[in-house]
Amino acid sequence: MNKKIKDLLKRNNIHIIFNNNLDHKGYYIQRIKHIVINNNLSEQEQEMIILHELGHAINGEDGCEIYNSTFSSHCKEEWNANSFMIKELAQEYASCTGCDVEDINFMNFLQKNKLSYLCDEIKKIIKGIA
């Protein structure tokens, strides 16, 4: 796991549990500040899911009641968590490539992070960083 993710976890007092028996990729348990991650994922997928779940935690979402209350609430919280993940990945990518975030080559970024299915959404999120 990369140093920035470890720092985010430590700074927010959030712990990781790796589980071999999950039927999905991961989830955040707000009341005990734990992220549960499917241990059968690749390291890259685990880091992306951890960032997504950190997005839920850091955005201060109100837990399952709001998340499951309406479709629009659910979509908004997922959008916010994905935005957090993508911003973090974009900053890491920019740092590794030596370019500014707003100058990222979208196709290379998408391919490196296996996110091509989110192309249009990612462009909007990254352009909002600058």
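Derivation of every value follows stated rules applied to the coordinates shown; laboratory data play no part. For clarity, every value in this text was computed on a predicted model and none was experimentally measured. Cβ coordinates were reconstructed from backbone atoms using ideal geometry, including for glycine residues, and neighbour counts include every protein chain displayed.
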- Message: Per residue of region 21-36, what does 6.51 cos²θ - 1.76 cosθ + 1.60 with θ = phi - 60° give for ³J(HN,Hα)? Whole Hz please, x for Gly and Pro, Karplus curve as stated.
- Response: 10, 7, 9, 9, 6, x, 7, 10, 9, 5, 5, 10, 6, 10, 10, 9
- Message: Skipping prolines and chain starts, which residues have an amide H placed within reach, meaning under 5 Å, of the one on residue 17, given they are 5 or more residues away or on another chain?
- Response: 35, 36, 37
- Query: So how do 27, 93 line up by other beta-carbon neighbours within 10 Å, fewest first?
  - Reply: 27, 93
- Selected from 37, 50, 58 as most flexible by GNM, with the chain as the system and alpha-carbon contacts under 10 Å: 58
- Message: As a quick test, which of the pairs 3/124; 3/87; 76/114 have an alpha carbon distance above 19 angstrom in this structure?
- Response: 3/124; 76/114
- Which order do 56, 74, 24 fall in if you start with the one that has the fewest other Cβ atoms within 10 Å? 24, 74, 56
- All other residues with a Cβ under 15 Å from the Cβ of residue 95 taken together, and with Lys, Arg as +1 and Asp, Glu as -1, what is their net charge? -3
- Of all DSSP beta bridges in the chain, what percent run antiparallel (nearest 5)? 45 percent
- Message: For the chain, what does the helix formula give at 222 nm: sum of -39500 (n - 2.57) over DSSP H segments with n ≥ 4, over the residue count, nearest 500 deg cm²/dmol?
- Response: -17500 deg cm²/dmol
- Least to most buried among 106, 71, 84 (fewest other Cβ within 10 Å first): 71, 106, 84
- residue 22 long-range amide H proximity, modeled H, under 5 Å: 39
- Dipole of the chain, positive end: most advanced residue of 41, 97, 70 [Cβ charges, Cα centre]: 97
